[in-house]
Amino acid sequence: MNPVVGYVSLVMVAVSTVLIGIYGLRISRTTGDFYVASRTVRPWWNASAIGGEYLSAASFLGVAGLILLSGVDALWFPIGYTAGYLMLLLFVAAPLRRSGAYTIPDFAEARLESRNVRRITSLLVIAVGWLYIVPQLHGAALTVRITTGLPSWVGSVAVVVVVCLSVITGGMRSITFVQAFQYWLKLTALAVPIVFILVQLTGTGESITNDGAVFAPELNTTADATLYQNISLVIALLFGTLGLPHVLVRFYTNPDGASARRTTLLVLGLLSMFYLFPTLYGLLGRIHTPDLAVRGAADATVLLLPSRIFDGVGGDILSAFVTAGAFAAFLSTTSGLVVSLAGVVSQDFFRASVSGFRWAAIVSALIPLGFALLTDTLALAGSVSMVFAFTASTICPLLVLGIWWRGLTDAGAIAGMVSGAVLCGGSILIAAGLGMDQAPQWLQLPALWTVPAAFAVTITVSRLTANRRPMNTSRVLARLHTPDAV
């Protein structure tokens, strides 16, 4: 790949992101603007922004890489990533918006009248955010190394610098514009090259598959995943979406609960459209980039496929598209995470003000940067799935039971979150220590048993401490479930 292409693509995306962020500064003045865009973001804008921040390195690069490595079993990732929003639509979106909270810890404290619940929730939100940012920085490091030849650390540092500039200038209102733009940039960056690739492969008579027959490449070159692996992965992706802080904070920006539901419906359509393209890259990668089917290299499939099909200027132009889209993916997801973390950190550790928000944003970005520089990347989609399993085992039970069950108590919520964090986090750490290839399946993918365990502990302890049920439970639940028109 021509390094000039990489430089131009990365600089253009970075400059456009910063300029849009500066524009947001012109209309971001109040604390509400910085935290939740003063709750004025309309469904179409919000859906595009959610698509921008949700479609991370795992979606843009990781899905194709896993399809290259694992074949048909990897198709659960785009299915799960999209279907998780159906769970949001059914159980969380509208009630969460009606809560009137700024952050997930705000909701937890208002629902259970407990500062301890708030503190535990805040710590978990921060942990989830940092764990999610690290794969984005790893993806940026991979992209910069492949496209420009620069050291890997340059990509991670560049993302953090651009994100901090965008977030501290305009907060949530500014990031909304940035992420909406970046969704459509990412979609275009994947769609345009794949269209040209398909036309090239069919129009010139070159075989699309290994034997030149039909477009039906063999997807199962490795042993099939077990039933346990598939079910555990689906549970992690479906329930994990309900606990992602950068996704949930977006619903606080809608004007009302009805618009939150419309936003979620639009997101389902946008995600379904997007995931068609990484899947095609993965399928074609199994034929035209088989040398990348090794751990640590497969995530480069999207970046390298255009140059394998086209020589010269044509390959450079298409490579520029996917490089720009990849960098936009890292920027948009990281910015969404930093905004959500800044809201939590500033309220709990800094003054809940614009200046406190800005300092919290810088801290929230620099700490995961340190972790990213000290660690090596796993398969991007695989590492993100561990974060989903963790959120499904910790924050998800609090939200679902807090919204739909009046019997929840502060003691039950704390017990459920702590047990889920210990069980799921401990399993992942043990599996990493043993080596992911050697660790047993129930440690690699623990969601199948840690999510039910967290729900069971929460319910059991809440029943045993029924006397601690908040006095305002009926009033809070009525507010969450009463239609906006009423």
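The values are calculated or read from the model by the stated rules, or taken from the named source; none is laboratory data. Owing to the predicted nature of the structure, the values given are computational and were not obtained by experimental measurement. Every residue, glycine as well, gets a Cβ built from its backbone with ideal geometry; the counts of neighbours run over all protein chains shown. Remember, those area values only see protein heavy atoms, side chains included, never the ligands or the DNA or RNA. Shrake-Rupley method; radii C 1.70, N 1.55, O 1.52, S 1.80 Å.
List of remarks:
- With respect to being part of a helix (DSSP H, G or I), among the basic types (Lys, Arg) and surrounded by fewer than 24 Cβ atoms within 10 Å (Cβ to Cβ), Arg262 fits the description.
- The helices (runs of 4 or more DSSP H) found wholly in the range 285-374 and carrying at least 3 residues that are among the small types (Gly, Ala, Ser) and touching a residue at least 12 places away in the same chain (Cβ under 8 Å) occupy 312-349, 354-374.
- Filtered by the rule that a residue be surrounded by fewer than 16 Cβ atoms within 10 Å (Cβ to Cβ) and modelled with pLDDT under 75, the range 1-22 gives a lone residue, Ile22.
- Complete set of residues in the range 96-117 that are closer than 17 Å to Gly420 by Cβ and open to solvent by less than 20 Å² (accessible area, probe 1.4 Å): Ile104, Pro105, Ala108, Leu112, Val117
- Options Leu150, Leu124, Leu142, Leu131: the member that is at pLDDT 85 or above and not in a helix (DSSP H, G or I): Leu150
- The set of residues in the range 286-310 being open to solvent by 50 Å² or more (accessible area, probe 1.4 Å) and at pLDDT 85 or above consists of Pro290, Asp291, Arg308.
- Leu276 being part of a helix (DSSP H, G or I) and touching a helix residue (DSSP H, G or I) at 6+ places or on another chain (Cβ under 8 Å): no
- For the range 416-425, the condition of being over 23 Å from the mean Cα position of the chain (by Cα), in contact (Cβ under 8 Å) with a residue 12 or more places away in the chain and surrounded by fewer than 22 Cβ atoms within 10 Å (Cβ to Cβ) holds for at least one residue.
- Among the residues listed as Ala411, Ala431, Ala439, the single one being part of a helix (DSSP H, G or I), of a type in the set (A, V, I, L, M), surrounded by 14 or more Cβ atoms within 10 Å (Cβ to Cβ) and within 27 Å of the chain's Cα centre (by Cα): Ala431
- Residues that are of a type in the set (S, T, N, Q) and either more than 16 Å from Asn116 (Cα to Cα) or in a helix (DSSP H, G or I) (or both) within the range 455-471 comprise Thr458, Thr460, Ser462, Asn467, listed in sequence order.
- Of all the listed residues (Arg111, Arg118, Arg98, Arg173), the sole one being of a type outside the set (Gly, Ala, Ser), under 30 Å from Ser474 (Cα atoms) and at pLDDT below 85 is Arg98.
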